[in-house]
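The values are calculated or read from the model by the stated rules, or taken from the named source; none is laboratory data. These figures come from a predicted structure and were not determined experimentally. So basically every Cβ, Gly included, is an ideal-geometry build from the backbone, and we count neighbours across all protein chains shown. Keep in mind that these areas ignore ligands, DNA and RNA; they rest on the heavy atoms of the full protein, side chains included. Shrake-Rupley method; radii C 1.70, N 1.55, O 1.52, S 1.80 Å.
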Amino acid sequence: MGHVPPVCYAEGFQVNSPEARQGGSIVATIKAVLWGFLGVRRRDDYQKDIARLNPLHLMAVGVVMAFLFVIGLMLLVNWVVA
């Protein structure tokens with residue numbers, strides 16, 4: 001017998017469904033992080049992101065985007081003060 005992955009549900013969204021097994025692209029990860037920065041996201045899309053995206057990728061993209069945000073603020077302040 002082959003290995004059968006366990007079925008996991010995230011509030012009604014089956015994690016081992018074909019939609020979840022596609023994996024998340026870098027664009028989907030960036031979009032999820034941007035929505036997270038804004039604090040607005042539809043519940044269905046949030047559940048799909050949880051099932052589809054890799055948490056380590058989300059954290060890495062989040063840290064990079066936070067770093068870029070801080071650098072952008074520093075550049076803006078230096079430009080306004082100068």
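On the basis of being surrounded by 12 or more Cβ atoms within 10 Å (Cβ to Cβ) and modelled with pLDDT of 85 or more, does ARG41 make the cut?
On the way: surrounded by 12 or more Cβ atoms within 10 Å (Cβ to Cβ): yes; modelled with pLDDT of 85 or more: no.
No, not satisfied.
Which residues, counting only those in segment 24-57, are within 18 Å of LEU68 (Cα to Cα) and of a type in the set (Lys, Arg)?
LYS31 - this is the single residue of segment 24-57 that is within 18 Å of LEU68 (Cα to Cα) and of a type in the set (Lys, Arg).
Restricting attention to segment 46-81, which residues are in contact (Cβ under 8 Å) with a residue 40 or more places away in the chain and either open to solvent by 50 Å² or more (accessible area, probe 1.4 Å) or of a type in the set (Val, Ile, Thr) (or both)? Full working, then the answer.
Filtering segment 46-81 down to residues in contact (Cβ under 8 Å) with a residue 40 or more places away in the chain leaves 50-51.
ILE50 - this is the single residue of segment 46-81 that is in contact (Cβ under 8 Å) with a residue 40 or more places away in the chain and either open to solvent by 50 Å² or more (accessible area, probe 1.4 Å) or of a type in the set (Val, Ile, Thr) (or both).
Residue under question is GLU19, and the condition is that it be open to solvent by less than 80 Å² (accessible area, probe 1.4 Å), of a type in the set (D, E, K, R), modelled with pLDDT under 55 and more than 29 Å from PHE67 (Cβ to Cβ); does it hold? Steps first, please.
Numbers: open to solvent by less than 80 Å² (accessible area, probe 1.4 Å): yes; of a type in the set (D, E, K, R): yes; modelled with pLDDT under 55: yes; more than 29 Å from PHE67 (Cβ to Cβ): yes.
Yes, satisfied.
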